[in-house]
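The values are calculated or read from the model by the stated rules, or taken from the named source; none is laboratory data. Here the structure is a predicted model, which means the values were calculated and not measured. Because the Cβ atoms are built from the backbone with ideal geometry, glycine has one as well, and the counts that use them run over all protein chains shown. Note: areas computed on protein heavy atoms with side chains; ligands, DNA, RNA excluded. Shrake-Rupley method; radii C 1.70, N 1.55, O 1.52, S 1.80 Å.
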Amino acid sequence: MKRQIKIWIDADACPVVIKEILFRAAERTRIETILVANKLLRVPPSPFIRAFQVPGGFDVADNRIVEELQSGDLVITADIPLAAQVIAKGGHALNPRGELYSTANIQERLAMRNFMEELRGSGVDISGPAAFSQNDRQAFAAELDRFLQRHSDLRASPLHAKPKHQKTAGEI
């Protein structure tokens, strides 16, 4: 029997609205969803959702995610170096703005991140990312739905079938 994927969330910087989409998806699909952060997190009562609190420190949550994830699992993160580690280990990485990182694009994203970090380090004033928008939320929900349809056992199991009246994460 094929192992069902898990969803790991780099939760320290994940927007609340994205966590809410993920909580609904976990309930709808019955996929285990694990939040990892260095602070105490509140999660809804659910057999499919849990949170790990790790000690504070540089990359402690990231390292825990990489240590625990298995090939095929999905990690939600805006941290490009973490996404690169996830992909190298055979996982999938989706950022909260809806971009699915892959072997085809992660090296480019990593190079751009490092270049921007060098510019900031040399004193060049570079603005950060744009504020999180409704379009970002919708792009994330749509990409999450596409990923779950492609990578889960939902289609094969009538237990997990979505009722016709139930909304997708993107419609909520």
Exercise for the section: For an R0 of 35 angstrom, estimate the FRET efficiency from the Cβ-Cβ distance between SER71 and GLU117 and round to the nearest 0.05. Expected result: 0.75
Handout entry: Carbon + sulfur, % of accessible area of segment 1-88 - ligands and nucleic acids excluded, 1.4 Å
Key = 54 percent
Exercise for the section: Assign unit charges at the C-beta atoms only (+1 for Lys and Arg, -1 for Asp and Glu), then state the dipole size of segment 1-58 relative to its Cα centre in Debye, rounded to the nearest 20. Expected result: 260 debye
Exercise for the section: Check segment 1-151 and count each lysine pair with an alpha-carbon distance under 20 angstrom, considering only pairs eight or more places apart or from different chains. Expected result: 4
Handout entry: Cα-centred dipole magnitude for segment 21-91, charges only on beta-carbon of K, R (+1) and D, E (-1), debye, nearest 20
Key = 320 debye
Practice task
Could you calculate the contour length gain from ALA51 to ASP125, that is, 0.36 nm times the residue separation minus the distance between their Cα atoms, to one decimal place in nm?
Solution key: 23.0 nm
Exercise for the section: Rounded to whole Å and sorted largest first, list the principal axis extents of the Cα atoms in segment 31-122. Expected result: 45, 27, 23
Problem - Cut-off 12 Å between beta-carbons: net charge of the residues surrounding ALA139, Lys and Arg +1, Asp and Glu -1 - result: -1
Completion exercise
For ARG3 and ASN63, extending 7 Å from Cα along the Cα-Cβ vector and measuring point to point gives, in nm, a value of 2.2 nm
